[in-house]
Structure formats: structure tokens, C-alpha cells
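Report on one structure; see the data block that follows.
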Amino acid sequence: MNLENTKKIMLVTLKWILICVLTGIFSGSASAFFLVALDWVTKYREHNNWMIWLLPIGGLIIGLLYYYWGKSVVKGNNLLLEEYENPQKIIPLKMAPLVLFGTLITHLFGGSAGREGTAVQMGGAIADQFTRLSSRAQSRDKLDTTDRKTLIILGISAGFASVFGTPLAGALFALEVLYFSRISYKSIPLSFLTAYIAYFTVEFWHIKHTHYSIPIIPEMSFTTLFWIIPVSILFGLAAMLFSRSTHFWGHLFSKNISFPPLRPFVGGIILAVVIYCIGTTKYIGLGIPEIVDSFSNPNASYDFILKILFTGFTLGAGFKGGEVTPLFFVGATLGSALSVVVPLPIALLAGMGFVAVFSGATHTPIACTVMGMELFGIESGVFIGIACIIAYFSSGSVGIYNAQIVKGAKYHLYQKVRRKKMELL
């Protein structure tokens, strides 16, 4: 290798390290601000429940913002997946403030949504701006299509890792959610580097993440495995119900209300009335207190179903936010409720459901297994891994992301099932 090639490799390496550092710092700082703001609006709403009656107005504001200024980014996470699969245009930077503002409004007035979608979209929009900067530089080493895909991976990993405090899972999630498309090998170390930089950036801003604990881990045996398998299948079915619910409400609103800004307005009216009628706010917002409580106290058997309905309706109507924290709520409360009849520790069942439902809804069993170990400790890894894999295979072929291309083992399994059904017909 001559001196010229060595110099070129060093320059390319330095360029990508710089991109990772800047993406991690900017995305991590954006997530830190978002987490602080989200905590403030949540507490404000909890102390002023009358704010829920303004949910229709909040929905109308979100709808008008996206209708007049955000049509190019209204697809959210699906836009990131589409741009990865078929790069066309640089993701507009305005995606970041729009989804940030929209999510805060959703939570301020009582919508049921998560936070990962916001952080991931902010990270993706920030990372993709380096395509523009490189093009303006007109260097011989401008970013090509493969490099643009790498940038999107970096943005997703930075957003996920920073908002949940799980850098390993964040890096793996970015790779796995796009796994069945072609991924450049250089994306793998860069994804981990960016995820850790984003994670430590949030730590630098002294932002604390929620901690969970599984104090009792039983020994693995045929008896425990006998219970783990059906429970994990239930987690997969809950993930399927969550995904289909969100798509159903989205299709229903788009079909019956032609003017997009009116969809969250009408949805907000219905949500406000329903919340008032049921007399509780436990199914709106992130639901973190309920998730934490599910690790020590059995939940009612209907808690997870109501969270699915509230979240699917909120997001389907056009409010902004993520799906992952509500998925945590669904899985943890379902596992907690099952502890009444399943002879396994309640915290273990809640923890298994926490990540298994997420695994089934996003088709990312590896990232979810690692996330479980990061959150609950490596001792629970075997239980978490089995639950995530079984839930992944039993959750159907439709996930929360319409634009996600699902292939591999799961895809082939369902293809075989379809072929057998056709042969029987």
C-alpha cells in the first residue's frame, strides 16, 4: 500500500469519526432537551388535568403544522426506512423541530404516545444533513448512496440509544430494523460509535433514565420453559394486535376525513370524552409509573388492551410520538397480569413482556434481547432472549413500520404457511 492510499484511508476514517462524533453530540443533545421538555409537559398535565379538554386544539395545531409545512416529513420513521431502501432526497432538517413540537403537544394535552419515534426522527434528520455539507464541499470523496444509508443508520442508533439509555441496543436496533436490506459493513462499527457518543452526551447533560429491576431469576428447567413458551406467544399476539390497531385507526381516519388537520382534531375530541368517562389518566402519555409498578404489583387483565386502543387511536388520528414506550407498557402490564396464573416471578414476566412485545412489533429480536440485558441485567438474558425470539415469530408479518422490509427466517416461515394454505385450497 503506497503513501497516497494510506493518506486517503486516513482522511476517510477521520471524516467518518468526525461525522459520528457530531451526529452523536447533536442527536444526544436534542434527545436530552426533548427528555427534559417531555418530563415538564407531563408533570404539568398531571397537575392540570383540565388540559385534556384542549386535546382537540392541540391536534388541530399539529395537523395544520404538518399540512402546511411538514408534508415532506409527515411519514416520520417510515420516511427514514424509505430513504434507506431507495435514497432520493436529503431528509429535511425541519423534521426534527416539527416532530419535537408535535410530540410535546401530544403529551401536554393527554395523547397516548411514546418518545422513540421523536428521538429517531431527530437523529435521522440531523445525520442526513452531512450529505448536504459534503456535496457543497465538492470533494472527491463526496458521500454516495451507500454512505447516505450509513448516515441514516447513525441517526437511528443515536436517537434510540440516547432516549432510552441503551447504547448497545440502540446500535443493534438501527442495524436490525434495516437488516434485510443491504448494509455496508462499515456501518456496524460506526453505528456503535455514534450510539455511545449520543448516550454519553445525554449523561453529560445529567439526564437520568428510568431504571427497572428483576430481583429474582429462577433456574432454567423444563417446567419454566413450559411456561415461557405460551407466555411468549401471547406477547407476540399482543404485538400483532398493537401493530394492526395502529394501522387500522390510521386507515379509518384517512378514509373518512379528507382534510388531514381535522383528523387529530376529531380524534382529540373523542379521546378527551373517553378519558373523562373512564375516570383515569393511566392509559395516556408514556405510562412510566404504571410500567414501573407492573414489576411489583399485578396489573388488571385489561390494562394492556386499553393501552393498545388509546395508543393506536392517538397515533392513527395523526398525533405525534413514538410507539416503543407504549409497547413497553403493553408488554410489562400483560406479563404482570399473567403472574396471577403463571408460576414465575412477576418482575421477570413484566421484563420479558417489556421487550418481547417490542421485538414482535419491530421485527428486532436481537436488539430487544440486548436491550433487556442492558435494562434488567445479564442474568435474565436467557429468559429475555427466548421470549423475544418466540414473540418475533408469533407476531405475524405486519409490524408498526409500514415501510420496513421484512424478510429472512420469519419471512420464509410465513411464505411457507401461505403456500400450504393455497395448496389446501
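Nothing in this text is a laboratory measurement; each read-out follows from the coordinates by a stated rule. This structure is a prediction, so every number in the text was calculated from the model and none was measured. Please note: Cβ atoms are built from the backbone with ideal geometry, for glycine as well, and neighbour counts cover all protein chains shown.
Worth a mention:
- The length gained on full extension between residue 292 and residue 405, counted as 0.36 nm times the residue separation minus their Cα-Cα distance, comes to 37.4 nm.
- Between residue 48 and residue 254, the C-beta separation translates, for a Förster distance of 35 Å, into a calculated FRET efficiency of about 0.65.
- Over the chain: helical MRE at 222 nm, DSSP H runs n ≥ 4 each giving -39500 (n - 2.57), nearest 500: -24000 deg cm²/dmol
- For the chain, the membrane-span-like helix rule (DSSP H, alpha carbon extent of at least 20 Å along the helix axis, mean Kyte-Doolittle at least 0.5) picks out 3-47, 55-69, 145-164, 187-204, 222-256, 262-278, 303-317, 324-338, 346-362; this says nothing about an actual membrane.
- In the chain, the sites counted are chymotrypsin sites (Phe, Trp or Tyr not before Pro) in DSSP loop states with at most 16 other Cβ atoms within 10 Å, and the longest stretch holding none of them, exclusive of the sites, is 1-179.
- In the chain, Cα pairs under 8 Å separated by at least six residues give a relative contact order of 22 percent.
- For the pair segment 53-71 / segment 318-363, the C-alpha centres are spaced 30 Å from each other.
- Neighbours of residue 83 by Cβ distance under 12 Å: Lys/Arg scored +1, Asp/Glu scored -1, total +1.
- The residues packed around residue 370, meaning those with a beta-carbon under 15 Å from its beta-carbon, carry a net charge of -3 if Lys and Arg are +1 and Asp and Glu are -1.
- Extension gain, residue 302 back to residue 11 (0.36 nm per residue minus Cα-Cα distance, nm): 99.0 nm
- Hull volume per residue, based on the alpha-carbon atoms of segment 298-369 and their convex hull, is 78 Å³.
- Database remark: amide H of residue 322 closer than 5 angstrom to the amide H of 114, 115, 116, 117, 118 (H placed geometrically; neighbours at sequence offset of 5 or more, or on other chains; Pro and chain starts carry no H).
- Over all other residues within a Cβ to Cβ distance under 14 Å of residue 351, the charged ones net out to -3, with Lys and Arg as +1 and Asp and Glu as -1.
- Highest-fluctuation residue, 187, 254, 394 considered, GNM on the chain with Cα pairs under 10 Å: 254
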